[in-house]
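Nothing in this text is a laboratory measurement; each read-out follows from the coordinates by a stated rule. Since the structure is predicted, the reported quantities are computational estimates derived from the model, not experimental observations. Positions of Cβ are backbone-derived with ideal geometry, glycine not excepted, and every protein chain shown enters the neighbour counts.
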Amino acid sequence: MSYYIVANIKIEDPDEYATYQDGFLEVFEQFKGEVVLVADDPVVVEGDWPYTRVVVLRFPTQDEALAWYSSDGYQAIMKHRVNASTAAIVSAEGFDTP
């Protein structure tokens with residue numbers, strides 16, 4: 001069963017965030033993840049949406065997802081995302097249909 005990380009991000013400093021983006025794929029590709037979607041223009045169907053971007057990442061297991069997130073490489077670039085944005089990030093196991 002797949003494991004997902006979903007990030008709702010409000011980018012406040014595009015230049016600093018670009019530094020994060022510049023290093024993201026190099027680190028991410030070292031793990032068994034897949035970028036499912038990155039959208040800067042999601043359609044709000046219901047509720048308030050204070051974010052400017054949504055990102056969905058898929059991993060084969062929770063261990064792989066957490067290994068990526070806690071890796072030295074990701075932690076080194078994450079500071080740029082934290083400095084440039086406000087985010088709400090969750091992780092969850094996927095749903096397999098019977």
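Quick notes
- Residues in the stretch 1-22 that are in contact with a Phe, Trp or Tyr (Cβ under 9 Å, 6 or more places away or on another chain) and not aliphatic (A, V, I, L, M): 5 in all.
- Scan of the stretch 49-98 for residues that are of a type in the set (D, E, K, R) and either assigned to a strand (DSSP E or B) or touching a Leu at 6+ places or on another chain (Cβ under 6 Å) (or both), ordered by number: 53, 58, 93
Residues are listed down the side, and each one gets a yes or a no for (1) touching a residue at least 40 places away in the same chain (Cβ under 8 Å); (2) loosely packed, with under 15 Cβ neighbours inside 10 Å; (3) under 11 Å from the mean Cα position of the chain (by Cα):
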residue	(1), (2), (3)
23	yes, no, no
37	no, yes, yes
50	yes, yes, no
56	yes, yes, yes
69	yes, no, yes
83	yes, yes, no
86	yes, yes, no
91	yes, no, yes
94	yes, yes, no
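- Note on the stretch 5-39: residues that are part of a strand (DSSP E or B) and basic (Lys, Arg) amount to 1.
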